[in-house]
Amino acid sequence: MKKLGGHYHPVDRRAAFVHAGPMAADIFLPDFETALASRARSVEAALEKLLDDRARNGEIVRPQRLLAAMRHGVLNGGKRLRPFLVMESAALFAADKEPALRVAAALECIHCYSLVHDDLPAMDNDDIRRGQPTVHKAFDEATAILAGDSLLTYAFEIIAGEETALPVQTRMTLVTALARAAGHGGMTGGQMLDLAAETRKPDEAGIITLQAMKTGALIRFACEAGAIIGNATPEDRERLAEYGAAIGLAFQLADDLLDVTADAAKMGKATGKDAAAGKATLVSMHGVEWTKKQLKGLVEQAEMLLEPFGADAALLKQAARFIADRQS
């Protein structure tokens, strides 16, 4: 990753940190908040059904304690932002809502598995998640590991299964893209880099790479998945992926900013942990005002990428602003 003229240029993608003027004042419009909440309810209803105790064909039994731990890690609130991005990106291409919902639910299973494992003592060692005890605190460490393993595995079954009414090739493409976003070249690889950063601080480029993998990869997939589901052109699929890369970087920047500025009660989890651990972040490296300026630039870039879609992309534009300006 190289820096040219004050802009960051990640390899093979145009998503970048840029400098821009202030964002418009009407950041959170009622239609966005309503849409986000509505999508969240739909995803939670789908997850409730997917995580019931009925054994599916080929399963023997779903152990009650394991299922309870999985449900604790998934059905515990949250904005469901990644599923929203899947469904809203798919809507750009007039895709069928039901398969998009199933893919969105699968992605949320991956995201929640990552949180269950990240909270473990061997990782981030957190006791609270979304204002509730983490899975290993509510149950035990071994159960938390198995719950995470099960959610990870289940996500691919949800997408690959015939119940997800998409062509076989489309399901294969989604499974491959999600595996790459979630695996050693994406999210889990980013977590490994994050662990290494505790003993050897990365430089600026290293931090950006780490964050693009640990946080950005699943957000990028969420946006690209909608284009895959909607059978978009390769150009539109890449445009949505680039939009996802931009807001993924913004998400992590905003998260690091909140770690410095927000209180634990509002966040629903511990704050100030990066500073306490001496972890290098772009906020610690450049300061709060620099970070806010970069967030504004990323929002502007995300909006620019969506321009070809016109008014149909209004909610996705608002999503970029929501991510950059969120307070929890």
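Any idea which residue in segment 122-146 is surrounded by the fewest Cβ atoms within 10 Å (Cβ to Cβ), counting only those that are among the aliphatic types (A, V, I, L, M) and in contact with a Lys or Arg (Cβ under 9 Å, 6 or more places away or on another chain)?
Here the answer is Ile128.
Sort out which residues of segment 204-240 are of a type in the set (Ser, Thr, Tyr) and assigned to a helix (DSSP H, G or I), and write them in order of number.
Of everything in segment 204-240, those that are of a type in the set (Ser, Thr, Tyr) and assigned to a helix (DSSP H, G or I) turn out to be Thr209, Thr215.
Regarding segment 212-221, can at least one residue be identified that is buried (at least 21 other Cβ atoms within 10 Å of the Cβ), more than 20 Å from the chain's Cα centre (by Cα) and either of a type in the set (Phe, Trp, Tyr) or under 23 Å from Ala90 (Cβ atoms) (or both)?
Looking for residues that are buried (at least 21 other Cβ atoms within 10 Å of the Cβ), more than 20 Å from the chain's Cα centre (by Cα) and either of a type in the set (Phe, Trp, Tyr) or under 23 Å from Ala90 (Cβ atoms) (or both), one finds none in segment 212-221, hence no.
So if I check each of Asp263, Asp236, Asp256, which one is modelled with pLDDT under 95 and either more than 19 Å from His111 (Cα to Cα) or not acidic (Asp, Glu) (or both)?
Being modelled with pLDDT under 95 and either more than 19 Å from His111 (Cα to Cα) or not acidic (Asp, Glu) (or both) holds for just one of Asp263, Asp236, Asp256, which is Asp263.
List pairs: first residue in segment 41-69 and within 20 Å of Asp140 (Cβ to Cβ) and modelled with pLDDT under 95, second residue small (Gly, Ala, Ser) and surrounded by 11 or more Cβ atoms within 10 Å (Cβ to Cβ) anywhere in the structure, Cβ distance under 9 angstrom, at least six positions apart or on different chains.
none
Yes or no: Gln191 under 18 Å from the mean Cα position of the chain (by Cα) and either within 16 Å of Phe251 (Cβ to Cβ) or at pLDDT 95 or above (or both)?
In short, yes.
Within segment 207-220, can one find any residue that is farther than 18 Å from Ala280 by Cβ, aliphatic (A, V, I, L, M) and touching a residue at least 40 places away in the same chain (Cβ under 8 Å)?
Within segment 207-220, one or more residues are farther than 18 Å from Ala280 by Cβ, aliphatic (A, V, I, L, M) and touching a residue at least 40 places away in the same chain (Cβ under 8 Å).
Conditions (1) over 18 Å from Lys214 (Cα atoms); (2) surrounded by 24 or more Cβ atoms within 10 Å (Cβ to Cβ); (3) touching a Pro at 6+ places or on another chain (Cβ under 6 Å), marked per residue:
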residue: Glu59; (1), (2), (3): yes, no, no
residue: Glu88; (1), (2), (3): yes, yes, no
residue: Cys112; (1), (2), (3): no, yes, no
residue: His117; (1), (2), (3): no, no, no
residue: Leu120; (1), (2), (3): no, no, no
residue: Ala160; (1), (2), (3): yes, no, no
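Only one residue in Phe139, Phe93 is closer than 21 Å to Met172 by Cβ and either of a type in the set (Phe, Trp, Tyr) or modelled with pLDDT under 95 (or both). Which one?
None of the others qualify; the one that does is Phe93.
Counting just the residues of segment 272-309 that are part of a loop (DSSP other than H, G, I, E, B) and surrounded by fewer than 18 Cβ atoms within 10 Å (Cβ to Cβ), which one comes out modelled with the highest pLDDT?
Out of the qualifying residues, it is Gly287.
The values are calculated or read from the model by the stated rules, or taken from the named source; none is laboratory data. It should be emphasised that the depicted structure is a prediction, and the values quoted were computed from it without experimental measurement. As a convention, Cβ positions derive from the backbone with ideal geometry for all residues, glycine included, and neighbour counts pool all protein chains shown.
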